[in-house]
Structure formats: C-alpha cells, structure tokens
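Written out below as structure tokens is the structure these notes cover.
The values are calculated or read from the model by the stated rules, or taken from the named source; none is laboratory data. Everything numeric in this text was worked out from a predicted model, so none of it was measured. A quick note on method: Cβ atoms are made from the backbone with ideal geometry, for glycine too, and the neighbour counts reach across all protein chains shown.
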Amino acid sequence: MKINKNWVLFSLINFFIASVMGLMLRGAFIWEINWLDYRNLMHGHSHVTMLGWVYLALYILIGHCFLPKKVWAKPIYSWLFWFTQITVLGMMVSFPIQGYGVVSITFSTLHILASYLFCYLVWRDQDIKNPQISLLLKTALVLLVFSTLGVWSLGPLTISLGRGSTLYQLAIQFYLHFQFHGWFTFSLLALLMGLLSQNSNYNHSTFKWFYALLLASVILTYGLVLEWGLGGSIPLILNGLGIVFQLGAFLMFINLIKENKPNYLNNKSSLGKSFYALGLLSWMFKIIIQCAVLVPSVAVVSFTIRSFMVGFIHLTMLGFVSGLLFALIFGIGLVNERKKVMQTGKYLFVIGFVLSEFLLFVQGLFYWLQWGQLPVFYELIFGASVLIPLSILLMIIYLIKIPIYKYNPKMIIAY
C-alpha cells in the first residue's frame with residue numbers, strides 16, 4: 001500500500017502558511033503594517049497550525065498505522081480529508097480578515113463536525129492488536145471530542161456575558177488545554193509507543209500506572225487556568241498534583257521504553273533520530289517548566305509575562321508535537337532521510353526553534369527581573385523565526401519532486 005504523499009504535502013503546506021503568518025506577527029513589532037490586524041492574524045495562525053497541520057498530520061498517521069489497508073482505502077476517508085482541508089482553507093482566509101465572525105465560525109464548526117465523524121470512523125474501524133496502544137488511541141479520540149465542549153459553550157457565554165468575561169476565556173482555554181495536553185499528547189504517544197513496541201506488550205503494571213498518571217495529569221493541570229480565572233488555593237493545589245502526576249507519567253514512560261528495548265531507532269538516520277530527540281526533549285523541558293510553576297510566585301509570572309506564555313506554547317507545538325510528527329511521518333518511509341535537502345531542512349528547523357525559544361525565555365527572565373528589553377530583541381527573534389518556514393519550504397520542495405514511496409517493511413508500524 002502506498003502512502004498518500006499529497007495528503008502529507010497539503011498538511012505541510014498548511015504548516016508553512018501558518019509559520020509565515022507567525023513570521024508576520026513577529027514583523028509587526030519591527031515595521032508598522034497598517035493593513036494587518038494583529039489579533040485576527042494571530043487567530044488565523046493558531047487555527048491553521050492546530051487544525052491544518054497537527055490535526056491533518058495525525059489524521060494521516062492514525063489512518064495509515066491503525067486502520068486495515070482495505071478500510072483506509074475507502075472513499076469516505078479521502079472525502080473526509082479533503083472536506084477537512086477545505087474547512088482549513090476557509091479559516092486560513094477568514095480569520096485574518098474578520099477574526100471571530102460568521103464565516104470563520106462556520107468553517108470552524110464544520111471542522112469540529114468533521115472531526116466527530118473521523119473519531120467515529122476510527123473507533124469503529126481500528127484494528128489494533130495491542131490493547132495498550134488501543135487504549136491510548138481511544139483516550140485521544142475521547143479527549144478530542146471532550147475538548148470541543150469549550151467551543152460549544154462560547155455562543156451562550158458570548159450572549160449572556162460577552163467575550164471579555166472570565167468564563168468565556170476559561171472556555172477557550174478548556175478547548176486549547178485538552179487539545180494540546182489531551183488529544184495531541186495521547187495520539188502522539190499511541191503512535192510512538194506502537195512504533196517502538198514492535199508488536200509486543202509493555203509491562204502491564206508499569207503501563208497501568210503510566211496511563212492513570214498521564215490521564216489524571218491532563219485533567220488536574222487545567223487547575224492552573226482555573227487559578228488564573230477564578231483564583232483561590234484549590235485550583236493551584238489541583239494543578240500541583242497534576243504536575244507531579246505528569247512527572248511520574250514521564251518517568252514511567254522512560255521505564256516502559258527501556259524495558260521494551262526497542263531496536264527501531266538503531267536503524268534510523270540522523271534525521272529521524274534528531275526529530276525523535278527534539279520531540280522527547282521538548283516534552284521533558286515542558287514538564288520541567290510546569291514543575292517550576294509549583295512555586296506560587298512562578299505560577300503568577302507564567303500567565304502574566306507574554307514571552308513565557310508564547311515560549312511555552314511554542315515549546316509544546318513546535319518542539320514536542322511537531323518534532324514527533326516529523327519523526328513519525330519520515331519514519332514510515334515517505335522520504336529518503338539521508339538526502340541533503342532534508343538534512344538542511346532539519347538543521348534549519350531545529351536551529352530556528354532553539355534560538356527563538358532561547359530568546360523568548362531570556363526576554364521573559366529580563367522582564368521578571370525588571371531589567372527591561374533585550375537589545376534588538378524583535379529583530380533577533382524575527383531572524384530566528386525566518387528559519388522555521390524556510391525549513392518547511394525545503395521539505396515541501398523535496399516532497400513535490402520525489403515519487404510516492406511504498407512502505408519499507410522495516411518501517412511498518414506493527415500493532
């Protein structure tokens with residue numbers, strides 16, 4: 001069975017456009033761009049990144065890795081992919097122009113409804129022999145649907161309280177929290193652990209604790225958002241417990257991988273290993289940062305200094321999520337990982353990511369210590385951010401030129 005290169009190509013094009021939007025947001029602090037509505041463009045940037053890049057990349061990977069070949073080849077999955085892509089294009093155009101308006105909300109709603117159909121089809125059609133991986137995937141699908149409760153509540157909250165209300169903001173953060181830390185995380189771990197298990201089960205006791213701690217952490221760490229919106233000590237305590245549970249889940253994950261002794265990565269090129277390392281290291285640093293939030297004064301700073309917030313979001317989205325997506329996409333044999341253009345794309349992405357994260361967190365530290373702004377900060381971070389879309393563009397150009405690869409038997413994910 002051949003992988004659909006065009007689907008991967010379109011998801012990467014979405015990522016490229018989203019990264020160009022992000023670059024324009026950086027440039028808005030350097031040059032006066034009168035025609036640009038910063039907030040509207042930011043909404044477009046975030047929606048296209050999450051729903052055009054991450055969601056569609058997971059759509060492709062889940063279908064190829066978890067569904068029987070004959071089922072995955074059914075027209076419904078192709079139709080649903082292209083319908084979802086149309087909704088992404090609608091958001092790509094409408095959000096920068098009108099922000100949250102009739103057109104953008106319509107396309108966002110259609111995307112949610114399409115995701116419900118995807119969840120139903122995958123739940124029905126998946127054929128995963130490993131019950132542990134099946135549990136991770138089903139949990140990811142449930143969390144995807146659960147996250148959208150925040151979106152459906154926005155309409156009533158807008159009418160009753162207005163968009164500036166605390167509950168309105170809590171509903172938005174509810175959606176984002178269970179997307180990032182729920183749907184994205186569980187689906188990526190299902191794919192990664194399925195790949196590394198090579199058709200064998202993980203230690204039952206260790207996996208049970210890993211799963212329970214990870215799921216509890218996702219629910220409890222929403223407490224940080226509640227503490228910001230409502231105040232009080234209880235949300236902060238819940239968040240603290242969630243962070244401890246998340247740290248425990250990460251340590252359990254490391255033990256599971258060590259116990260299983262996967263040999264898959266031994267056969268990977270530096271490209272694949274680099275993206276695996278980027279993803280897992282970003283996950284580790286994400287947890288370390290969240291552990292720092294256990295200190296009350298740091299917790300306050302985490303949602304009052306914008307550089308810290310943006311740095312944390314990008315650490316999750318570009319480092320953890322995109323790093324593992326690249327590793328998984330290239331790991332199923334789509335590209336020749338040793339081609340110089342792919343290696344160049346990898347280096348540019350990693351360098352751009354590391355430099356921008358360094359600048360964001362150092363600038364946040366300067367604000368925290370009341371040292372003011374770094375010299376030419378906006379110019380420096382704009383320069384670092386240029387490398388991100390450039391790296392994605394190189395990958396797109398390479399994909400356009402190569403034929404559609406067949407599965408490499410050594411790279412098939414066996415579940």
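Filter the range 194-209 for residues that are surrounded by fewer than 22 Cβ atoms within 10 Å (Cβ to Cβ), assigned to a helix (DSSP H, G or I) and either touching a Phe, Trp or Tyr at 6+ places or on another chain (Cβ under 7 Å) or polar (S, T, N, Q) (or both) and give the result.
L196, S197, S205, T206
Of all residues in the range 205-227, which are without any contact (Cβ under 8 Å) to a residue 12 or more places away in the chain and over 23 Å from the mean Cα position of the chain (by Cα)?
Answer for the range 205-227, where residues must be without any contact (Cβ under 8 Å) to a residue 12 or more places away in the chain and over 23 Å from the mean Cα position of the chain (by Cα): S205, K208.
For the range 94-112, which residues satisfy the criterion of being exposed (fewer than 14 other Cβ atoms within 10 Å of the Cβ), among the hydrophobic types (A, V, I, L, M, F, W, C) and free of Cβ contacts under 8 Å to residues at least 24 places away in the same chain?
Selection gives V102 alone.
Taking the range 142-160 as the region of interest, how many residues are in contact (Cβ under 8 Å) with a residue 24 or more places away in the chain and in contact with a Ser or Thr (Cβ under 9 Å, 6 or more places away or on another chain)?
Counting residues in the range 142-160 that are in contact (Cβ under 8 Å) with a residue 24 or more places away in the chain and in contact with a Ser or Thr (Cβ under 9 Å, 6 or more places away or on another chain) gives 5.
Would you confirm whether any residue within the range 21-33 is crowded, with 22+ Cβ neighbours inside 10 Å and free of Cβ contacts under 8 Å to residues at least 60 places away in the same chain?
Checking the range 21-33: not a single residue is crowded, with 22+ Cβ neighbours inside 10 Å and free of Cβ contacts under 8 Å to residues at least 60 places away in the same chain.
Where residues in the range 347-390 are more than 21 Å from F303 (Cα to Cα) and among the small types (G, A, S), which of them is surrounded by the most Cβ atoms within 10 Å (Cβ to Cβ)?
S385
Any residue at all in the range 210-225 that's assigned to a helix (DSSP H, G or I), farther than 23 Å from S46 by Cβ and of a type in the set (F, W, Y)?
Checking the range 210-225: at least one residue is assigned to a helix (DSSP H, G or I), farther than 23 Å from S46 by Cβ and of a type in the set (F, W, Y).
So the check is Cβ under 8 Å with 6+ separation or different chains; which pairs have a first residue in the range 369-387 that's free of Cβ contacts under 8 Å to residues at least 40 places away in the same chain and a second one that's outside any helix (DSSP H, G or I) and surrounded by 11 or more Cβ atoms within 10 Å (Cβ to Cβ)?
From residues that are free of Cβ contacts under 8 Å to residues at least 40 places away in the same chain, the pairs are L380/L374.
Among the candidates I60, I76, single out the residue that is exposed (fewer than 14 other Cβ atoms within 10 Å of the Cβ), touching a residue at least 40 places away in the same chain (Cβ under 8 Å) and not polar (S, T, N, Q).
On inspection, the qualifying residue turns out to be I76.
Identify, please: which residue in the range 96-133 is charged (D, E, K, R) and in a helix (DSSP H, G or I) and is, among those, farthest from S78 (Cα to Cα)?
Among those residues, the one meeting the criterion is R124.
All but one of (1) touching a residue at least 24 places away in the same chain (Cβ under 8 Å); (2) not assigned by TED's automatic domain parsing to the domain that holds A73 hold for L117; state the number of the condition that does not hold.
Just one mismatch for L117, condition (2).
Is it the case that some residue within the range 27-42 is of a type in the set (A, V, I, L, M, F, W, C), closer than 15 Å to H314 by Cα and either modelled with pLDDT of 95 or more or part of a helix (DSSP H, G or I) (or both)?
Checking the range 27-42: at least one residue is of a type in the set (A, V, I, L, M, F, W, C), closer than 15 Å to H314 by Cα and either modelled with pLDDT of 95 or more or part of a helix (DSSP H, G or I) (or both).
Anything in the range 79-93 that is in contact (Cβ under 8 Å) with a residue 60 or more places away in the chain and within 20 Å of A140 (Cα to Cα)? List them, or say none.
F81
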